[in-house]
Amino acid sequence: MTDHDKNKKCDIGLIGLGVMGRNFAQNMADHGFSVAGYDRDQEKIQALMFEKTKQQDLRAGHDIKEFLGLLSRPRAVLLLVPAGGPVDAVIEELLLHLEPEDLIIDSGNSRFTDTNRRIRSVEDKGFLFLGMGVSGGESGARRGPSLMPGGTRKGYDRIDKILKATAARVDNDPCVAYLGPGSAGHYVKMVHNGIEYAVMQLISETYDLMKRGLQMEPDELHAVFDRMNQEELSSYLIEITADIFFQKDENTGNPLIDVILDEARQKGTGEWTAWDALELQVPTFNIDIAVMMRDMSANKKLREKAAHVLKGPMSHFEGERDLIIHRIKNALYAAMIIAYTQGMALLAQASNKYGYGLDLETVARIWRGGCIIRAALLEHIRSAYQSNASLENMLLDDHLGREVVAREKDLRYIVGTGAALGLPIPGLMMALSYFDAFRSSRLPANLIMAQRDYFGAHTYARVDAAGTFHTKWEKQ
């Protein structure tokens with residue numbers, strides 16, 4: 001960088017130089033953009049400057065004023081700090097120094113309701129605001145993530161070139177798009193994470209079936225999941241699962257998976273998805289049960305106590321191994337389609353409720369690369385919404401519906417097998433239950449309505465007449 005270049009103002013600023021922030025700053029600089037970085041931790045600033053290459057125009061401010069002074073006007077400031085209070089604290093500090101038309105981009109895992117609040121606060125003061133979901137972890141931040149921006153269109157247009165250059169690409173198509181006003185971007189990222197929860201739960205259940213049910217060793221599991229990743233189940237989560245079973249523990253030389261404690265942690269995005277689905281009355285069976293199973297896993301000591309007291313069937317399958325592995329694969333693929341179906345249905349309802357105007361084909365398109373839930377399946381999901389933008393439910397698409405129906409017997413068999421072996425597979429069970437409930441033209445909700453009317457005079461509707469009705473049920 002020449003002295004003349006040093007006097008030129010930076011295209012964008014980034015606050016939060018942890019692993020994600022540092023990698024994303026380098027990603028932007030790799031693509032020819034000048035980037036200013038800032039973090040309250042001076043060691044993180046030093047790490048950024050130490051890692052930069054000669055080709056990268058990366059600069060740093062050691063306080064907020066120096067940082068903002070490096071940026072061209074109107075300024076664009078991207079935040080990659082932990083969700084919640086830290087985001088509010090940084091915004092509060094920025095507002096003391098920003099000028100009208102300056103843009104703030106919150107790229108953390110913020111809850112969409114917080115984003116709505118921040119938009120109102122920031123825009124009332126004359127500034128612009130974007131809430132942008134980022135998926136792909138530290139590797140994605142460095143090499144190309146999936147980016148999900150929402151908020152003011154004017155703000156998005158200002159950084160459109162930067163985002164398209166730095167996002168992941170599939171068939172040279174950048175995995176980023178303006179999704180809609182308000183909190184659209186953070187809402188889409190929240191549902192992305194809900195689907196992520198659901199798929200991880202499904203994969204973990206198939207692992208348990210093969211580990212405990214079929215007595216398979218990690219090297220065998222590696223081979224099975226590696227083959228899965230070459231077929232229709234090809235996806236990032238299946239790929240890393242195969243890698244996990246191949247990893248050895250440095251201390252013992254044994255498979256690392258066997259020494260990892262079975263307590264799953266969570267940061268809340270799955271819960272947020274489940275809560276809003278309840279609020280919008282969208283059934284998300286698989287997301288809900290995935291959150292519940294993480295809660296169950298946290299009760300490790302209580303589960304160990306129960307294991308000594310509550311006896312069940314032997315969890316060992318006696319049958320043809322290759323055949324049941326084939327059926328497990330089919331069951332998993334069907335269940336994955338059903339899990340994505342629930343997430344996309346929630347996005348459709350939220351779009352109507354909150355005025356996002358989401359294009360679900362676009363959502364599927366930008367999830368194809370860079371993000372954690374990227375999968376070959378998303379090409380079929382994209383095609384479904386490309387053919388019918390108003391598709392009411394993915395299972396009503398000819399191709400996706402046929403794929404599930406073709407594997408329905410295997411899903412039903414695996415659910416039955418898991419129950420017979422006493423192995424907990426609630427995700428697969430929920431997928432089957434969703435399928436059966438969705439295809440049922442009649443559900444037993446009529447009895448629920450009769451019960452409600454009996455004890456609370458809540459009334460009911462009839463199949464043979466319009467209006468509402470009440471019956472005096474108790475005998476006089």
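The strands (runs of 3 or more DSSP E) falling completely within region 101-188 that include 2 or more residues that are within 23 Å of K353 (Cα to Cα) map to 128-135, 146-151. May I ask you to verify whether G427 is over 22 Å from the mean Cα position of the chain (by Cα), in the same structural domain as I328 (by TED's automatic domain parsing) and assigned to a helix (DSSP H, G or I)? Against the criterion (over 22 Å from the mean Cα position of the chain (by Cα), in the same structural domain as I328 (by TED's automatic domain parsing) and assigned to a helix (DSSP H, G or I)), G427 does not qualify. Take L209 and decide whether it is exposed (fewer than 14 other Cβ atoms within 10 Å of the Cβ), part of a helix (DSSP H, G or I) and aliphatic (A, V, I, L, M). Criteria not met by L209.
Only one of the listed residues (Q386, Q451) is assigned to a helix (DSSP H, G or I), of a type in the set (S, T, N, Q), without any contact (Cβ under 8 Å) to a residue 60 or more places away in the chain and in the same structural domain as M292 (by TED's automatic domain parsing). That residue is Q386. Just one of the listed residues (A419, A384) is surrounded by 20 or more Cβ atoms within 10 Å (Cβ to Cβ), of a type in the set (A, V, I, L, M, F, W, C) and either at pLDDT 95 or above or under 35 Å from the mean Cα position of the chain (by Cα) (or both), and it is A384. Of the residues D226, D219, the single one that is surrounded by fewer than 19 Cβ atoms within 10 Å (Cβ to Cβ), more than 28 Å from V170 (Cα to Cα) and without any contact (Cβ under 8 Å) to a residue 60 or more places away in the chain is D219. Among the residues here, G133 qualifies as surrounded by 24 or more Cβ atoms within 10 Å (Cβ to Cβ) and in contact (Cβ under 8 Å) with a residue 24 or more places away in the chain. Taking every residue in region 351-362 that is assigned by TED's automatic domain parsing to the domain that holds I381 and pairing it with any residue that is of a type in the set (F, W, Y) and in a helix (DSSP H, G or I), at least 6 positions away or on another chain, the pairs with Cβ-Cβ distances below 6 Å are L360/Y385; E361/Y385. The set of residues from region 311-329 being acidic (D, E) and modelled with pLDDT of 85 or more comprises E320, D322. Residue count for region 144-172, restricted to those that are at pLDDT 95 or above, surrounded by fewer than 16 Cβ atoms within 10 Å (Cβ to Cβ) and over 19 Å from A76 (Cα atoms): 1.
Looking at region 397-412, which of the residues that are more than 18 Å from L432 (Cβ to Cβ) and in a helix (DSSP H, G or I) is farthest from the chain's Cα centre (by Cα)?
D398
From the residues in region 232-259 that are among the small types (G, A, S) and modelled with pLDDT of 95 or more, which one is nearest to the chain's Cα centre (by Cα)?
My answer is S235.
Selection within region 54-77: residues that are more than 32 Å from the chain's Cα centre (by Cα) and polar (S, T, N, Q). The member of this set that is surrounded by the fewest Cβ atoms within 10 Å (Cβ to Cβ) is Q55. Is region 391-405 home to any residue that is basic (K, R) and without any contact (Cβ under 8 Å) to a residue 12 or more places away in the chain? Yes - at least one qualifying residue is present in region 391-405.
Here are D397, D436, D464: which of them is within 30 Å of V363 (Cα to Cα), of a type outside the set (A, V, I, L, M) and surrounded by fewer than 17 Cβ atoms within 10 Å (Cβ to Cβ)?
Step by step, each of D397, D436, D464 is checked, and only D436 is within 30 Å of V363 (Cα to Cα), of a type outside the set (A, V, I, L, M) and surrounded by fewer than 17 Cβ atoms within 10 Å (Cβ to Cβ).
For region 151-158, the criterion of being over 16 Å from R365 (Cα atoms) and without any contact (Cβ under 8 Å) to a residue 24 or more places away in the chain is satisfied by at least one residue.
Checking each residue of region 80-93 against the condition of being in contact with a helix residue (DSSP H, G or I) (Cβ under 8 Å, 6 or more places away or on another chain), under 16 Å from T166 (Cβ atoms) and of a type outside the set (S, T, N, Q) gives at least one match.
For region 20-36, state whether one or more residues are touching a His at 6+ places or on another chain (Cβ under 8 Å) and among the polar types (S, T, N, Q).
Looking for residues that are touching a His at 6+ places or on another chain (Cβ under 8 Å) and among the polar types (S, T, N, Q), one finds none in region 20-36, hence no.
Only one of the numbered conditions (1) more than 28 Å from D258 (Cα to Cα); (2) in contact (Cβ under 8 Å) with a residue 60 or more places away in the chain is not met by M200, and that is (1). Counting only residues that are in contact with a strand residue (DSSP E or B) (Cβ under 6 Å, 6 or more places away or on another chain) and buried (at least 24 other Cβ atoms within 10 Å of the Cβ), region 173-191 holds 9 of them.
The values are calculated or read from the model by the stated rules, or taken from the named source; none is laboratory data. Worth saying up front: this structure is predicted, and the values here are computed from it rather than measured. All Cβ positions, even for glycine, are placed from backbone atoms using ideal geometry, and neighbour counts span all protein chains on display.
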